[in-house]
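The values are calculated or read from the model by the stated rules, or taken from the named source; none is laboratory data. Small disclaimer: the values here were computed from a predicted structure and weren't measured. Neighbour counts run over all protein chains shown; Cβ positions are idealised from the backbone, glycine included. Heads up: the accessible areas ignore ligands, DNA and RNA and are worked out on the full protein's heavy atoms, side chains in. Shrake-Rupley method; radii C 1.70, N 1.55, O 1.52, S 1.80 Å.
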Amino acid sequence: MPTAPPAYKIVNSRLVLTAGFGGLLLLMAFAGFDGIQALQQIQTANDSIREEFLLRTRVLERIRADVYVSGTYVRDYLLERESGKAQGHQYSLRETRSDMDAALQQYRALLNAEESRPFQVLTQELGAYWGVLEPALRWTAAQRQRDGYTFLRDEVFPRRTSMLGIADQIGAINESQLKAGRLKVEETFRQSRRRLTITIGLTIALGLLLAAFSTRHILRLENETAERYREISGARAELKLLSARLVAAQENERRSISRELHDEVGQALTGVLVEMANLSTLIREKDTDRVAAKADEIKKLVENSISVVRNMALLLRPSMLDDLGLVPALQWQAREVSKRSGIWVKVSAEQVSEELPEEHKTCIYRIVQEALHNIVQHAAARHVSVTVRQEPGRLLLAIQDDGKGFQPQQERGMGLVGIEERVSYLGGKFEVDSAPGRGATLNVMLPLAEAA
Ligand SMILES: Nc1ncnc2c1ncn2[C@@H]1O[C@H](COP(=O)(O)OP(=O)(O)O)[C@@H](O)[C@H]1O
Ligand SMILES: [Mg+2]
């Protein structure tokens, strides 16, 4: 029997597929979003590190240039004999100083922890440098000519060299800062790469799992469909066969009725006709004694015909079923079979209501008819018991014989198939319990609506 898959299974597969594909999409979206964000983060970090480095380098370069140039201006100023030109150098020197102060101010804002020490040293050195220079700026031309060179050699140049050294130190720190920043960015990059690898791995695993599940599911559905198709084709073929057999059975029945009409009724009526001819001869001869005997004979013949016709009528459609009810009709049938075959048939009924549905009564009657027919034909039995029992919600029928038995799985003809069909039409159950040498029992259960 084809059965639909249980509802919980359908719901389960749907749930698994929805959750699986939803999860997969979410994972993919997450991986994409996370990847883009990480890239953006890395790019921003890279940009800011580079920009900061460039800015510091620029400002530091300015400070270095100012230190260097200031030395040159000091030299020019000290070695200049013309006071007008010396004034110009002095002015340039002051300009350089204010520019340097501005640059220092700017660098202080960019300062990081490692640079603060050397920067402090640089500022102090610069302060000392300007402090040393200040009195020299007020020197007369003669003083400058006398002490200028020594001052330059002993004070200005060594200080300048040391300050340039400090600036170089700061530059080196700045560069190492750049390197550290790059390392940090690389670490961020590594981290997001790890995260992305995990997410993509998960996505692929889930995808594979889903693919396996879906493939299995689809294959199972395909198999089930093929199975259903086979079942339906089988059922259709069986139906066709059954219809053909039904038509054949109908034809056989008609043939047997026709034969019976011809053989039994036809012959009896022919007999009546012959005897009537004899009777009219007797009447003409006025042989009153034999007329009476002949009339009796004819009466018997007609009675016989009537009984044959009635039996045939009952066989075709048991009006008894309508007139007397199920149990008396079964009893009549049992009597008829006993009379014809000499088999002892007993009918017992327990609490069988006469309010049974028409269909159920006909079904029971026909089954008993076919079963008794089989017993007469095949069983070589001596005793048969037919039992009908009504229980709440169902009607039970059993026909048991003590004949030679048979193999119900292998021997199956129109009779048993017909019984099966009738029973399944009413939603009941039919089974044959028999084996060679053990007699046979047919069990039938028909469901009844509770109200009946
Ligand atoms: N009560 C029985 N005792 C022994 N054999 C039986 C009995 N009923 C049926 N059979 C066997 O089962 C076969 C199938 O029966 P059935 O379906 O009525 O077809 P049919 O009567 O046309 O052969 C019979 O041919 C017979 O061999
Ligand atoms: Mg039969």
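The residue that is nearest to ligand 2 (Cβ to nearest atom), among those in segment 397-412 that are out of contact with any strand residue (DSSP E or B) (no Cβ under 6 Å at 6 or more places or on another chain) and within 21 Å of Val337 (Cα to Cα), is Gly403. Here are the criteria: (1) closer than 20 Å to Leu133 by Cα; (2) touching a helix residue (DSSP H, G or I) at 6+ places or on another chain (Cβ under 7 Å); (3) open to solvent by 30 Å² or more (accessible area, probe 1.4 Å). Tell me which single one Leu110 does not satisfy. Of (1) closer than 20 Å to Leu133 by Cα; (2) touching a helix residue (DSSP H, G or I) at 6+ places or on another chain (Cβ under 7 Å); (3) open to solvent by 30 Å² or more (accessible area, probe 1.4 Å), only one is false for Leu110: (1). When the test is whether a residue is under 30 Å from Ser13 (Cβ atoms) and either surrounded by 10 or more Cβ atoms within 10 Å (Cβ to Cβ) or free of Cβ contacts under 8 Å to residues at least 40 places away in the same chain (or both), Ile232 passes it. For the residues Glu264, Glu222, the requirement of being part of a helix (DSSP H, G or I) and under 60 Å from the mean Cα position of the chain (by Cα) singles out Glu222.
All of Arg290, Arg255 fail the test of being among the charged types (D, E, K, R), more than 60 Å from the chain's Cα centre (by Cα) and open to solvent by 50 Å² or more (accessible area, probe 1.4 Å), apart from Arg290.
Arg389 meets the conditions (1) charged (D, E, K, R); (2) closer than 22 Å to Gln333 by Cβ; (3) near ligand 1 (Cβ under 10 Å from one of its atoms) in every case but one. The failed one is (3). Please find, within segment 69-92, the residue that is farthest from Glu155 (Cα to Cα) out of those that are in contact (Cβ under 8 Å) with a residue 60 or more places away in the chain and loosely packed, with under 15 Cβ neighbours inside 10 Å. My answer is Arg81. Considering segment 373-396, and only residues there that are open to solvent by 40 Å² or more (accessible area, probe 1.4 Å) and among the aliphatic types (A, V, I, L, M), the residue that is farthest from ligand 2 (Cβ to nearest atom) turns out to be Ala380. Which residue is modelled with the highest pLDDT, if the candidates are limited to segment 399-447 and must be more than 7 Å from ligand 1 (Cβ to nearest atom) and among the basic types (Lys, Arg)? The selected residue is Lys429.
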